[in-house]
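First the structure, in the form of structure tokens, and then the observations on it.
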Amino acid sequence: MMTPRAFAATWGLLLPLVAWAGSGAASLPAWFALVALGLVGWSLFEYAMHRFLFHLEPRSAFGRRLGFIMHGNHHEDPGDPHRSMMPLAVSLPWSAAIWAGCALAFGPAGTVAFLGFAIGYVAYDSIHYACHQLPVKGRLLRALRRHHLRHHFGREEGHYAITAIWWDRVFGTMVAGKAASGIMQVRT
């Protein structure tokens, strides 16, 4: 089980450490460009993972069970606070592998690209948690929540993006407003 406090403590420590590890790896303009590249990389990763892995329909019983554990249980009970954030046992190994991939691709500057990716991940998990567990305020958060809840209470075959909702437009996976008939029953 991932609690918001454990999430905040872990990533509140890790993000500054990654930023420190990446200091001096690139000039200031290149540093910001690499962070931006990491953010874009995260947004595409988020969309692709949700669309192609989390909603994969395996044929085997083992595959279906794994899919349920990985994401299906979240759709079965979207209001369960224990299923709204990625457990550290999953996010930390994935992060280490992605950091290694960034280092292979960009050398020492890969740490800076990974920082952008990790910032995107932290924003995603925070926003996803808020969409399901908190009364969100502000125009942007309400729009993100409405977009995501259409995925849960409208049509699961769309609205795969959580934080970068423009990808659903780009890839043609928007859900029409009328397809989300049950959405009004969720607290806003």
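Points to keep in mind about this one:
- Filtered residue count, the range 20-71, keeping only those that are of a type in the set (Lys, Arg), touching a residue at least 24 places away in the same chain (Cβ under 8 Å) and part of a loop (DSSP other than H, G, I, E, B): 0
- Residue list for the range 82-123, restricted to those being modelled with pLDDT under 95 and either open to solvent by less than 60 Å² (accessible area, probe 1.4 Å) or among the small types (Gly, Ala, Ser) (or both): SER84, MET85, MET86, PRO87, LEU88, ALA89, VAL90, SER91
Conditions tested, residue by residue: (1) exposed (fewer than 15 other Cβ atoms within 10 Å of the Cβ); (2) under 24 Å from ALA161 (Cα atoms); (3) not basic (Lys, Arg).
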position	(1), (2), (3)
ARG5	yes, no, no
ALA26	no, no, yes
ALA36	yes, yes, yes
GLY41	no, yes, yes
TYR47	no, yes, yes
GLU57	yes, yes, yes
GLY63	yes, yes, yes
HIS71	no, yes, yes
HIS74	no, yes, yes
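- Among the residues of the range 56-101, those that are of a type in the set (Val, Ile, Thr) and in contact with a helix residue (DSSP H, G or I) (Cβ under 9 Å, 6 or more places away or on another chain) comprise VAL90, ILE98.
- Odd one out for THR163, checked against (1) modelled with pLDDT of 95 or more; (2) open to solvent by less than 60 Å² (accessible area, probe 1.4 Å): (1)
- Apart from one condition, PRO78 fits all of (1) open to solvent by 30 Å² or more (accessible area, probe 1.4 Å); (2) of a type outside the set (Ser, Thr, Tyr); (3) on the phi < 0 side of the Ramachandran plot; the exception is (1).
- The condition of being within 20 Å of PHE54 (Cβ to Cβ), modelled with pLDDT under 85 and either of a type in the set (Asp, Glu) or under 19 Å from the mean Cα position of the chain (by Cα) (or both) holds for only one of HIS148, HIS152, that being HIS152.
Each row is one residue, and each column tells you yes or no for (1) free of Cβ contacts under 8 Å to residues at least 60 places away in the same chain; (2) of a type in the set (S, T, N, Q); (3) over 16 Å from TRP31 (Cβ atoms).
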| position | (1), (2), (3) |
| --- | --- |
| PRO93 | yes, no, yes |
| PHE106 | no, no, no |
| TYR121 | no, no, yes |
| CYS131 | yes, no, yes |
| PRO135 | yes, no, yes |
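The values are calculated or read from the model by the stated rules, or taken from the named source; none is laboratory data. None of these values were measured; they are calculated from a predicted model. Here the Cβ is made from the backbone with ideal geometry for all residues, glycine too, and neighbour counts use every protein chain on show. To get the accessible areas, we keep the full protein, side chains included, count just its heavy atoms, and leave off ligands, DNA and RNA. Shrake-Rupley method; radii C 1.70, N 1.55, O 1.52, S 1.80 Å.
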